[in-house]
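The values are calculated or read from the model by the stated rules, or taken from the named source; none is laboratory data. Keep in mind that what you see is a predicted model, and the values were worked out from it rather than measured. Backbone-built Cβ (ideal geometry, glycine too); neighbour counts: all protein chains shown.
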Amino acid sequence: MPPDRLQNAELKESFSTMKSFPVGTTVSYVCRPGYIGIPGKSLTRTCGEDLQWSPTEQFCTERKCNHPGQLEHGFINVTDLTFGSTATFSCEGGFRLRGTDEISCVIKNKGVDWNRDLPFCERIPCAPPPSIANGRYTEAANYVYQTPVTYTCDDVPKGADPFSLIGPATIFCTYDAHSNGVWSEPPPQCRVIKCDNPKVENGKKKTGFGPSYKYKDSVMFECDPGYFMIGSEVITCGENNTWSPPKPTCESVLESSGFTPNINYGRVIDGQKPSYSVGDFITIECYAGYTLHGEARIQYIGENQWIPGVPTCQLSAYITAIICAIVALVVFLAAFWVYKKFFSQNGKRDSTPCTAEYKICKA
């Protein structure tokens, strides 16, 4: 019988037309394209006395492509290098693939090689940064991933109010979920910011004296003797031409005194007095097993009022869970006792056995 067809080798042309194969016939093979002979293995087979062709083991193996190498700023996934295998490519964050994302090991020039050139990873580009009114940015030859751009405001004529930079001075080229180049945040604005001259009744400026105030200028206040400050002692000129936080107030320490607030399941641990003057602080903590809801440190502002408000102490979630578990256990044990007491004998109550002498059983 003719030799069976092999996947990795074929009969030499001189044997491919033979019709009869007597016992002892030896045929020669050549490896198919994409395969190469295994060193030490003969490329012949012989018809044996049992009418079977030997040897049966493979004598041609797949050719292998060279490893594609390294992909700068990217990754190569190669599961195998043999004929017919593939290699896939991807890029790290901030880079995108230029070229094919997959190559195959194919027959080429009487051997095997990759069917396409390797791709490369390029930095994701951004569109030019947005221009702003009354300002400019540092220019670059191109704008790609991680390129910074810094904005500055235009100069103004002497005596005119200067422009203030509102927002981030520097933004960066980055990328979105679809690997498109985007700027890290909107550009800043250049605007004239002026805040009014702040004054506090019964108080005065400690720092920050000046005829006018621009963006981010700060002023520090102090109260006159006999007065106590409510609010922040430092305020800053904000982008909306207003002071932030709001100006403080100076209240008289001679106002009516207050008393320690009632705190269920908690206590005052610092600052407690028989009575309080405006501006006094106290610190509160809760008993074990309770959680503080609100600010621990509060300030007296007069008329038995505290800011930001007297906190409360509430049972912690952990303790609540334990109590619920105990209640559930008690209910379960009670139900189990009732079941054993009344239903363990299929709903019948226990009774006193009858004897031959008694015709009536006692309950």
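The set of residues from region 234-261 being of a type in the set (A, V, I, L, M, F, W, C), at pLDDT 90 or above and surrounded by 15 or more Cβ atoms within 10 Å (Cβ to Cβ) comprises 235, 237, 243. For region 57-71, indicate whether the set of residues that are within 40 Å of the chain's Cα centre (by Cα) and in a strand (DSSP E or B) is non-empty. Taking every residue of region 57-71 in turn, none turns out to be within 40 Å of the chain's Cα centre (by Cα) and in a strand (DSSP E or B). I want to confirm something. Restricting to region 200-230 and keeping residues that are of a type in the set (Ser, Thr, Tyr) and within 17 Å of residue 242 (Cβ to Cβ), which single residue is surrounded by the most Cβ atoms within 10 Å (Cβ to Cβ)? Once the filter is applied, the top-ranked residue is 213. Remark: pairs (first residue in region 113-125, within 17 Å of residue 77 (Cα to Cα); second residue β-branched (Val, Ile, Thr) and in a loop (DSSP other than H, G, I, E, B); Cβ separation under 7 Å; 6+ apart in sequence or on different chains) = 116/100; 119/100.
Of the residues examined, residue 288 is one that is of a type in the set (Gly, Ala, Ser), surrounded by fewer than 17 Cβ atoms within 10 Å (Cβ to Cβ) and out of contact with any Ser or Thr (no Cβ under 6 Å at 6 or more places or on another chain). Filtered by the rule that a residue be among the aromatic types (Phe, Trp, Tyr) and either farther than 30 Å from residue 116 by Cβ or free of Cβ contacts under 8 Å to residues at least 12 places away in the same chain (or both), region 47-75 gives 53, 59.
Residues that are touching a residue at least 40 places away in the same chain (Cβ under 8 Å), touching a Gly at 6+ places or on another chain (Cβ under 9 Å) and farther than 21 Å from residue 137 by Cβ were ranked within region 150-199; the one that is surrounded by the fewest Cβ atoms within 10 Å (Cβ to Cβ) is 179.
The residue of region 290-331 that is modelled with the highest pLDDT, among those that are part of a strand (DSSP E or B), out of contact with any Cys (no Cβ under 9 Å at 6 or more places or on another chain) and not β-branched (Val, Ile, Thr), is 297.
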